[in-house]
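The values are calculated or read from the model by the stated rules, or taken from the named source; none is laboratory data. From a predicted model like this one, the values you see are computed outputs, not experimental measurements. Positions of Cβ are backbone-derived with ideal geometry, glycine not excepted, and every protein chain shown enters the neighbour counts.
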Amino acid sequence: MEMEADLSPCRPIRWLPPHTPHHGEHPPLESALLDTLVYVDDLTGASTSRCMCATHSGHILELNFWAARPPLLSYFTIHLPDLLPEGPATPLDRLPRLLRTHGNLALLRVPVGQENDYFLYDASPRFSMVIPLTDGSIGLLRCPGQDRLFVAVLHKTLARGHYAIDLLEFNHGSWTWSTRLMHAESPQECDFGIPTKSFALPASICWVDHVKGILICDLLDGDDQVLRFIRFPVLAPPKKKRIAGYDRDVAVGSDACIRYMEVWAHPVPGSDNGVTYTPQDWGAAIARWLEPHKKWQINHELKASQIAVDDSHSGLLPRVEAAIESPILSRLHAGHPALSLHDDDVVYIMAKVDHRDEQSWMLALDMRSKTLKPLVTYSSQVKSSSYSKKKKVELQEDPRLLRDLLLI
């Protein structure tokens, strides 16, 4: 996307935050729905917290956290001069990102020049830079009641079911670095693929392959060489449309059990052309891992056509021409689910009239009562800031992008 310039001062294109910050008192949140994009802006003022830290090059980076109650997104903004330079297109993977969270701890990656700096944010608030991390899938674990934490990076080896884990441990005020060579309990049966997410149990880091299952590394208990692999159940009915990576979520429930969720579509027969489709309905289900029995148990299951929509919410939903013959929710494209961490019955789902659209609706659903709770509208488009540009600035945009979400 190109922006013609005519006035100064110059300022790079940026992603706009999902909503205007909410000023004033912020009541404590049980959990927050986080946008993984970190917005480049000089917003200051009544943020929930404000921290400063030096980069490896000595520049001062300012970070603000803007809290909001779900289904509104909470998000971070940072201010660092020349972070997005003018000139060649800036790829999305060179934008600041929120990588991982555990409790009130967050790990962020900020491109500085040709390198990446990694920062740990603590809602105390504290903000500090950690030593450079290697490429790979990062996991984060904070030990309850201790000033001790782990940052782990998972690497595949050439042997099936065997892995190397780079482990960065903070304990007693200092960092130590080590590497563990580990293997799955049954290496030949472990078809864990590409990690797309990680989360933490009280003593473990868990990596998620949204297609296959979960790989668990017990850092404080158990064998320090063996990884556990839990394969996902099949929740979607046969012949229903699924978009791997965009239709599932995994989280730890209030009972400390692993929960897994799937969303799937029921396209109108013959409408799926490989690019888009016309929804007839869609469904969702949540399963809970029963550790003593080593099996999954389905807790909740519903179809969009079964969801009760209060009159006060129906006016906020989009107008869908085909919805005259069926409920509006049934005719939306649904995906990117996020499980609530403090209410095991609640899930958040992004919905669009068409998955290629820029505008989306964040739905909060009570899976037990099959009701729609409050919802909000977002746009994923790239816009310029309020300042005009003196030069052409370009940002590489993926038109399929939907915001990734993390819950803390």
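Key figures
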| quantity | calculated |
| --- | --- |
| Residue in the range 217-232 that is modelled with the lowest pLDDT, counting only those that are farther than 16 Å from Ser186 by Cβ and touching a Phe, Trp or Tyr at 6+ places or on another chain (Cβ under 7 Å) | Leu219 |
| Contacts under 6 angstrom Cβ, first residue in the range 257-285 being outside the structural domain of Arg331 (by TED's automatic domain parsing) and among the basic types (Lys, Arg), partner surrounded by fewer than 13 Cβ atoms within 10 Å (Cβ to Cβ) and not in a loop (DSSP other than H, G, I, E, B), 6 or more apart | none |
| Residue in the range 294-307 that is within 28 Å of Asp41 (Cβ to Cβ), buried (at least 16 other Cβ atoms within 10 Å of the Cβ) and either touching a Gly at 6+ places or on another chain (Cβ under 7 Å) or modelled with pLDDT under 85 (or both) present | no |
| Residues of the range 340-360 classified as in a strand (DSSP E or B), surrounded by fewer than 22 Cβ atoms within 10 Å (Cβ to Cβ) and modelled with pLDDT of 85 or more, total | 2 |
| Per-region count, the range 178-191, residues in a strand (DSSP E or B) and touching a residue at least 24 places away in the same chain (Cβ under 8 Å) | 5 |
| Selection status of Val226, within 22 Å of the chain's Cα centre (by Cα), free of Cβ contacts under 8 Å to residues at least 60 places away in the same chain, more than 16 Å from Arg288 (Cα to Cα) and surrounded by fewer than 21 Cβ atoms within 10 Å (Cβ to Cβ) | no |
| Whichever residue in the range 361-408 is at pLDDT below 85 and basic (Lys, Arg) and, among such residues, is surrounded by the fewest Cβ atoms within 10 Å (Cβ to Cβ) | Arg400 |
| Selection status of Arg259, surrounded by fewer than 22 Cβ atoms within 10 Å (Cβ to Cβ) and over 15 Å from the mean Cα position of the chain (by Cα) | no |
